[in-house]
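Read through the structure below, which is laid out as structure tokens, and then see the notes.
The values are calculated or read from the model by the stated rules, or taken from the named source; none is laboratory data. Owing to the predicted nature of the structure, the values given are computational and were not obtained by experimental measurement. Here the Cβ positions follow ideal geometry from the backbone for every residue, glycine too, while neighbour counts run over all protein chains shown. Remember, those area values only see protein heavy atoms, side chains included, never the ligands or the DNA or RNA. Shrake-Rupley method; radii C 1.70, N 1.55, O 1.52, S 1.80 Å.
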Amino acid sequence: MFKGVMFDFSGTLLRIESTEEWLGAVLAAAGISLTDEEFAHRVQRLTEYGALPGGSAPRHLPTRLQAMWHERDLSADQHRLAYTALAREAGLPELAQALYERHMTPAAWRPYPDTEPTLRELRRQGFPVVVVSNIGWDLRPVFRAHGLDDLVDAYLLSFELGAQKPDPAIFRAACDQLGLAPADVLMVGDNRIADGGAQGIGCTLHFVDHLPVDQRPCGLAPVLRLLKSS
């Protein structure tokens, strides 16, 4: 019988804005105008290099950046260095830092439609919740800005712990925060490799689809059914 829930952050509870919105916001703040063709080209390059944190993985990753990419979530410095390097590779060196700063703002993130109702129902039913994320910055202000922070009991963030999913250490630490045995915890995420690491310590897994917010209105509904039937 489940007694608590671990949730991934990006692509599970909230989703980053599109690359078009991300770049557009930074250009507007800097007072830079591009033609439609120039804008589309820069979006394509940023997408190719996976420069948007929380977006798609790089389609083209230079050899010299591979180690940095795979260890990017172990510290704040590594995370910033990895993503600003990708923005530079995409041909936007002058905007690399501004793009990185933008993605950490609450305005760049949108909760899925059923995130708040699901978390609120879990709170009502007495299920403790911990957010477990591979990330290089403090996401708590994002949760506060979207009215979700009081529905989360703890956050296990890779850059604070120095361990990233699928390392069992981060999942064990999350279970310790919940005060529960792994067998009593449901792990909900969108990445079968990273989030799937929880299975190695005995947690049950449930996966959601990593889709834009408007394409996944009720992806978390099965979570409540699983808890009810356990």
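Give me the number: length gained by fully extending residue 20 to residue 150, i.e. 0.36 nm times residue separation minus the C-alpha to C-alpha distance, one decimal in nm.
Roughly 43.7 nm would be gained on extension.
Across segment 60-70, in residue order, what do the Karplus-derived ³J(HN,Hα) couplings come to in whole Hz, using 6.51 cos²θ - 1.76 cosθ + 1.60 with θ = phi - 60° and x for Gly and Pro?
Ordered by residue, 3J(HN,Hα) equals 9, 10, x, 4, 5, 9, 5, 5, 4, 5, 5 Hz.
Of the options 206, 78, 25, report the single residue whose Cα projects farthest towards the positive end of the charge dipole of the chain (beta-carbon charges: Lys, Arg +1; Asp, Glu -1).
In the chain, that residue is 206.
With springs connecting C-alpha atoms under 10 Å apart, model the chain as a Gaussian network and identify which of 192, 172, 45 has the largest mean-square fluctuation.
192
Given axes a ≥ b ≥ c from the Cα gyration tensor, I'd like to know whether segment 132-177 is rounded (a/c under 1.5), prolate (a/b larger than b/c) or oblate.
Because a/c hits 1.5 or more and a/b fails to exceed b/c, segment 132-177 counts as oblate.
Taking θ = phi - 60°, what integer Hz values does the Karplus form 6.51 cos²θ - 1.76 cosθ + 1.60 yield along segment 181-193, in sequence order, with x for Gly and Pro?
Working through the residues one at a time gives 6, x, 5, 9, 10, 9, 9, 10, x, 10, 10, 5, 8 Hz.
Tabulate in residue order the Karplus-calculated ³J(HN,Hα) for segment 99-111, using 6.51 cos²θ - 1.76 cosθ + 1.60 with θ = phi - 60°, rounded to whole Hz; enter x for Gly and Pro.
In residue order, the calculated couplings are 5, 5, 4, 4, 5, 8, 7, x, 5, 7, 10, 10, x Hz.
To the nearest µm²/s, what D does Stokes-Einstein give for the chain at 10 °C and 1.306 mPa s, using the Kirkwood radius over alpha carbon pairs as Rh? Could the numbers behind the result be given before it?
Numbers: Rh = 18.2 Å.
Result for D is 87 µm²/s.
At 1.4 Å probe size, with every protein chain present, just tell me what the per residue accessible area of the chain comes to in Å².
45
With r as the distance between the Cβ atoms of residue 1 and residue 76 and R0 = 35 Å, compute the FRET efficiency 1/(1 + (r/R0)^6) and round to 0.05.
It comes out at approximately 0.40.
Hey, rough spin-label estimate for residue 34 and residue 125, points 7 angstrom out along Cα→Cβ, what's it come to in nanometres?
4.5
How do 216, 144 stack up against each other in accessible area, from largest to smallest, with a 1.4 angstrom probe?
144, 216
Using label points projected 7 Å from each Cα along Cα→Cβ, tell me how many nm separate residue 48 and residue 138, to one decimal.
Using points 7 Å along Cα→Cβ, the separation is 3.8 nm.
Grab every C-alpha pair in segment 72-133, bin the distances at 5 angstrom width from 0 up to the longest one, and report whole percents.
Pairs per bin, as whole percents: 4, 15, 15, 17, 13, 11, 12, 8, 4, 1.
Please give me the summed charge of the neighbours of residue 59: other residues whose Cβ is under 11 Å from its Cβ, Lys and Arg +1, Asp and Glu -1.
Neighbourhood net charge equals 0.
If you take every DSSP beta bridge fully contained in the chain, what fraction is antiparallel? Give it as a percent rounded to 5.
The answer is about 15 percent antiparallel.
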